[in-house]
Amino acid sequence: MLSVELIDSLFPVDLPDPAHWESRYPARTLPADAKVTRFAPSPTGWLHIGGIFTASVNLDLARHSGGRYLLRIEDTDQARFEEGALAQFEAGFEYFGIEADESDAAGGSYGPYTQSVRAEIYQTYVRELMRQGKAYPCFETPEQAEARVARQKTVGALPGYYGEWAIWRDAPEDQVRARLDAGDPYVVRFRSPGIGGARVSFTDLIRGELSSDDNRNDVVILKRSDTAPRLPTYHFAHAVDDHLMGITLVVRGEEWISSVPLHHQLFDALGFPRIPYAHVAPLMKQDGGSRRKLSKRRDPEASVGYYIEQGFPAEAVLYYLRGLANGRLAELPLPAALAEPLRLSEFGVAGPLLDIVKLDDISADYVSTLPGAEILDRLLPWLTEYDKDLASVVVAQRDLALRALDVERVNTEKPRKDLHKWADFRGVYGFFFPEVFELVTDPADERFGGLAPDLVRALASGFAAGYLEPGPGVTTWFDQIRTLAGDLGFALRQKDYKKNPDAYPGSIADAAGAIRVLITGSRQSPDLEQTCAALGRNEVLRRVTALA
Ligand code: GLU
């Protein structure tokens, strides 16, 4: 075992002892069943929708138990730090309303909540493990590591730093001192108590009893001595943080299950009580006949940015995700499902399928329940960000926007469901706005379905001449068209037209369709009478008389 004197010489003289940090971060005084949870993303890339899911589960479990939810930034891997990742996390949490009780932004007495600024704390505990002979300096160079791995491959041994391969594990003090004197850089490794071939078991709150090979790898806990700040690895930092921050439940991605044996060894070695784990299965995607993990690289919907850019209302996404986690909640109406607590015991072991078409429908259902004014309030910030031109149009014509949104939305049992997400707005409601609508000026336009241009003209001018603003006691537009179409020789009954198509220029449906195209630009549009009322007489006439 190395002498305390040598070990201490590796650290600043004024480095505090663990007792200092234990009193700086005292145990929390919360009721026994209050859960303190955390979400701990690494800013090494953009946030996966699964991250929002995991974060929201952590938040939910904390809130419903009267506990605390923390956001911790795990940025010890500075080489892979990605510029902009933090801003993107923030945008994602804000969009989905995932507000931490404690974080660097929110404050809290257990901070700072970013690992790179907690270097001193980790060093205390690294030194402590070294003093106890549970960690040691290792001078293996990257080239030597490469050669070791190659040799391990040749002889069929598992890669890693363990057993006979761990040459610095029990290196004598003078050898260590010589390397230190020579100024050689080193890392600090954890002396794993694991024995090759041993099995360990542990309880996962979602998966139940699990067992796996124990860890026997002497993992690096403190990075190279020639880097500044001298940071620990994730494994070590997370153990120290979860302990000092008083975390009582860890809910995280399934990819960390294989690290549990190591994490337990670290907790035990540090003298920290173990913390219960729940590992959440990843979101899956149907790909042809098989399922695979939703992939950051291949699937746009894996990115949180996708939901924000498309303007899916956050509640709809959260509702969908919660339903995937706890099937029971998918059966409830949205407000109830968002308010009900999640239960870890109901999470599946197999990853649930994220079906974007399903989400689209759920979102449409949700939007259809919102009053027009609320839709507008939610929509405008989105438009301002992603469709500035339309945003100014809508702001300038707020009343028209509200009238448009009310078409087939008020006084109906079955409100329209064509607005699934904010990105649909231009396509579905854009035509209401004169600045967006493109007048149909060509009587031979193919949207008229091949009607003779003269007839299109006659329909248009006849409709304009007899146009009556919709309102109480006013003949409906369809009656107007009927009369007009009859005068122009159209078949008034579809049946008659079908029987003898050559006898007519078209059917009443063709005549009505032509008027619809003139007013809305499409043969498929919301109720025309309500649409005309929303547009107002002048605008309807402007559109109907635009033919060249
Ligand atoms: N920083 C880890 C990650 O990026 C967190 C793992 C954990 O929650 O323990 O996923």
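All of the numbers you see were taken from the coordinates with simple rules; none came from a lab. Being a predicted model, the structure only gives us computed values, none of them experimental. We place every Cβ from the backbone using ideal geometry, glycine too, and count neighbours over all the protein chains shown.
If the Kirkwood radius is taken over C-alpha pairs of the range 1-62, then at 37 °C and 0.692 mPa s the Stokes-Einstein diffusion coefficient equals 206 µm²/s.
Rounded to 0.05, the FRET efficiency of the Trp256 and Arg447 pair, given R0 = 45 Å and the Cβ-Cβ distance, is 0.20. Multiplying the residue separation of Ala330 and Glu164 by 0.36 nm and subtracting their alpha-carbon distance yields 54.4 nm.
Here is the tail figure for the chain: Cα pairs spaced more than 44 Å apart come to 39 percent of all pairs. Subtracting the Cα-Cα distance of Glu529 and Ala19 from their residue separation scaled by 0.36 nm leaves 176.0 nm. Shown is the FRET efficiency for Val349 and Ser522, computed with R0 = 41 Å from the Cβ-Cβ distance and rounded to the nearest 0.05: 0.30. Per-residue Karplus couplings for the range 412-425, computed as 6.51 cos²θ - 1.76 cosθ + 1.60 with θ equal to phi - 60°, are listed in order as 9, 6, 10, x, 4, 10, 8, 9, 8, 7, 5, 5, 7, 4 Hz, Gly and Pro entered as x. Share of pairwise Cα-Cα distances greater than 15 Å in the range 362-404 is 41 percent (whole percent). DSSP beta bridges confined to the chain are antiparallel in about 60 percent of cases.
The residue list Gly506, Thr114, Val155 was ranked by how far each Cα lies along the charge dipole of the chain toward its positive end, using unit charges on Cβ atoms, and Gly506 comes out on top. Amide H to amide H distances under 5 Å link Thr114 with Ile73, where only residues 5 or more positions off or on other chains count and H is placed in the peptide plane. You can think of it this way: the chain between Ala182 and Ala147 has 10.3 nm of extra reach, that is 0.36 nm per residue less the Cα-Cα gap.
Given a Förster radius of 25 Å and the C-beta distance between Glu99 and Asp377 as r, what FRET efficiency does 1/(1 + (r/R0)^6) yield to the nearest 0.05? Once the sixth-power term is evaluated, E becomes 0.80. Starting from the Cα gyration tensor of the range 41-81, take the square roots of the eigenvalues, sort them a ≥ b ≥ c, and report rounded, prolate or oblate (rounded when a/c is under 1.5, otherwise prolate if a/b is larger than b/c, else oblate). Verdict is oblate for the range 41-81. Inter-part distance, the range 524-548 to the range 88-121, computed on C-alpha centroids, equals 52 Å.
When you count the other C-beta atoms within 10 angstrom of each residue and take the mean per peptide, 142-155, 249-262 line up highest first as 249-262, 142-155.
Each Lys or Arg adds one and each Asp or Glu takes one away; over the other residues whose Cβ falls under 11 Å from the Cβ of Val219, this sums to +2.
Distant-in-sequence amide contacts of Asn215, defined by a placed amide H-H separation under 5 Å and a gap of 5 or more residues or a different chain, comprise Leu262. Sorting the segments 36-42, 283-289, 485-491, 498-504 by their mean number of nearby beta carbons within 10 angstrom, highest to lowest, gives 36-42, 485-491, 283-289, 498-504.
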